[in-house]
1. Can you put Glu303, Glu90 in order, fewest other beta carbons within 10 Å first?
2. Between the range 242-311 and the range 157-210, how many Å separate their Cα centres?
3. Only helices at least 15 Å long along their axis, Cα-based, and averaging -1.0 or more on Kyte-Doolittle count here, so list those DSSP H runs from the chain.
4. Work out the length of the dipole vector of the range 162-261 about its Cα centre, built from +1 on the beta-carbon of each Lys and Arg and -1 on the beta-carbon of each Asp and Glu, and round it to the nearest 20 debye.
5. Provide Asp178, Asp263, Asp39 in ascending order of the number of other Cβ atoms located within 10 Å of each residue's Cβ, fewest first.
6. Antiparallel DSSP bridges in the range 68-222: what percent, to the nearest 5?
7. Only bridges whose two residues both fall in the chain count here: according to DSSP, what percent of them are antiparallel, nearest 5?
8. Quick check on the range 141-189: take the gyration tensor over C-alpha atoms, sort the square-rooted eigenvalues as a ≥ b ≥ c, and tell me if it's rounded (a/c under 1.5), prolate or oblate.
Amino acid sequence: MVQTAIPSTTSGAATPGWPHRHLLDVDVLTVDEVVRCLDLAAEMRALRAAGERPDWLAGEVVGLAFAEPSTRTRVSFEIAAAALGAQVVELPIEASSVTKGESLADTLRTMELTGVGTIVLRHASSGAPYLATRSCGSRIMNAGDGTHAHPTQALLDALTLRDALGELSGRTVAIVGDIGHSRVARSNLHLLTALGASVRLCGPPDWTGGFRTWRGVSVHHRLEDALDGVDAVMALRVQLERRAGGGVPSLREYGRRWGLTEDRMALARPGAPLLHPGPTNEGVELTASLAASSRSLIGSQVENGVAVRMAVLSLLAA
Ligand code: NCD
């Protein structure tokens with residue numbers, strides 16, 4: 001696919017020629033499209049830093065439909081949409097007619113009929129955003145579906161890693177934690193390997209099954225093997241809400257064997273950055289001092305989340 005030019009920040013127009021109506025996962029994006037998205041996010045970040053407000057979504061209505069808890073993703077989508085001049089409406093699904101028996105499809109169709117052009121959907125069921133594209137005519141942005149995908153998280157992680165490491169091709173990234181239940185890990189696996197990076201997955205055997213056949217991915221159970229010489233490390237939250245026990249005797253045991261500490265990070269390449277999508281459980285996945293250390297890019301991930309969501313909202317509306 002031919003990459004079209006990144007829009008001029010002075011054109012005042014939304015970016016032309018984006019071929020995807022929805023953003024359900026990153027697996028459908030070409031490398032050129034990913035690069036275009038990251039470049040546009042970097043441009044959005046610079047515009048925001050300069051205090052400029054590109055009104056590319058003026059007249060658009062963006063609906064936030066979060067059927068699962070969220071802090072970073074929800075707030076950053078809201079700020080991103082508002083920063084582009086869109087009107088933002090919140091649909092707290094728990095408080096909507098879904099609780100009166102209305103289907104999710106009917107609720108989303110109602111949003112479309114009231115004029116919501118883009119629906120940002122988070123849902124506990126894997127695949128819900130795919131169903132949504134068949135139920136209503138609005139653009140659908142997946143803000144995390146079950147254990148399946150979290151495309152904007154993977155894009156903001158890629159931007160954060162690119163800022164820290166430059167080109168990701170030839171780099172090795174360790175992802176440590178509850179891989180099996182992680183939509184963040186799945187989208188990152190697609191994106192990092194597409195960009196030419198290798199991924200080492202690490203966690204208890206029950207938490208890392210089913211990934212050995214992915215190209216560019218290796219599976220480890222000893223943290224020392226996974227961290228040895230890697231260029232970056234991503235810790236994941238233990239998804240207690242999706243996990244009926246099992247895999248490890250206790251969270252304390254998990255922390256003892258797979259929790260990241262400054263000492264353990266010393267196994268990685270000197271200065272290798274640490275990422276975590278948040279929310280963090282300090283003392284389980286990582287220590288508080290590591291989260292606050294100079295290696296930690298957790299704050300940059302949050303900041304980049306706004307820029308990446310500005311970029312994808314603009315691209316979809318093009
Ligand atoms: C992630 C999510 O909700 O999937 N958080 C996020 O979006 N920043 C990861 C998690 O909840 O562990």
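Throughout, read-outs are computed from the coordinates displayed, never taken from laboratory work. The shown structure was predicted, so the numbers you read here are calculated from the model rather than taken from an experiment. Here Cβ is always computed from backbone atoms with ideal geometry, including for glycine, and neighbour counts include all displayed protein chains.
1. Glu90, Glu303
2. If you average the Cα positions of each part, the centres end up 13 Å apart.
3. Counting only whole DSSP H runs, the qualifying helices are 31-49, 72-83, 151-165, 183-194, 298-317.
4. The dipole of the range 162-261 has a size of about 280 debye.
5. Sorted ascending by nearby Cβ count, the order is Asp263, Asp39, Asp178.
6. In the range 68-222, DSSP labels about 5 percent of beta bridges as antiparallel.
7. 5 percent
8. It is oblate, given that a/c is not under 1.5 and a/b is not larger than b/c.
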